[in-house]
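The values are calculated or read from the model by the stated rules, or taken from the named source; none is laboratory data. Just so we're clear, the structure is a prediction, and the values are computed from it rather than from any experiment. In this analysis, Cβ positions are derived from the backbone assuming ideal geometry, glycine residues included, and neighbour counts consider all displayed protein chains. Ligands, DNA and RNA are stripped out before the accessible areas are found, and what is left, the full protein with its side chains, is counted by its heavy atoms. Shrake-Rupley method; radii C 1.70, N 1.55, O 1.52, S 1.80 Å.
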Amino acid sequence: HVEVVWDCLPVREAPPADVPSLGEAERELAEALREATEVLSRLDVAGSGPVAQAALEAYRARAERGREVLAPGYPARAARVLELAQRVGALIAIAHGAGGDGREHGGAVSASEIGARAEALRPVERTARRAQVAAYNALVEERERDRS
């Protein structure tokens with residue numbers, strides 16, 4: 001004999017306060033990319049070499065194929081923000097060296113350059129994750145706006 005008991009609990013309809021709106025997420029991504037690009041250009045430590053080149057080719061191929069990133073019914077802006085955030089995430093992986101084995105460090109030749117590059121990429125990586133959450137929460141945001 002198996003007995004299943006379901007407890008119904010109230011669910012918070014709105015996303016947590018630290019999740020940006022789609023507009024904020026899009027703006028934050030653009031700003032973070034601009035700032036990281038400036039820092040990485042100045043440091044001259046962006047990802048390079050055969051591993052980064054292979055990762056860049058794979059990234060380009062995936063971007064060209066195009067794909068559905070959200071279920072039907074999501075706003076077009078949510079799909080655009082999610083796609084951008086995913087592309088930024090892929091580019092971050094390339095800039096980190098793309099190998100995942102810790103052996104390739106792009107154009108960085110010293111520990112301080114590797115650290116500086118990681119420091120420049122960290123906020124972009126965080127912003128891309130926040131933008132993905134904002135895109136996934138877009139239906140909740142839209143529902144809340146419609147109620148107001």
* Can you tell me which residue within segment 108-148, out of those that are among the hydroxyl-bearing types (Ser, Thr, Tyr), assigned to a helix (DSSP H, G or I) and open to solvent by 50 Å² or more (accessible area, probe 1.4 Å), is modelled with the lowest pLDDT? => 112
* Unmet criterion (only one of (1) in contact with a helix residue (DSSP H, G or I) (Cβ under 7 Å, 6 or more places away or on another chain); (2) farther than 18 Å from residue 124 by Cβ; (3) at pLDDT 65 or above) for residue 72 -> (1)
* Structure fact -> Pairs returned, first residue in segment 2-28 that is at pLDDT below 80, second residue that is open to solvent by 100 Å² or more (accessible area, probe 1.4 Å) and outside any loop (DSSP other than H, G, I, E, B), beta-carbon separation under 8 angstrom, 6 or more apart or interchain, are 13/143
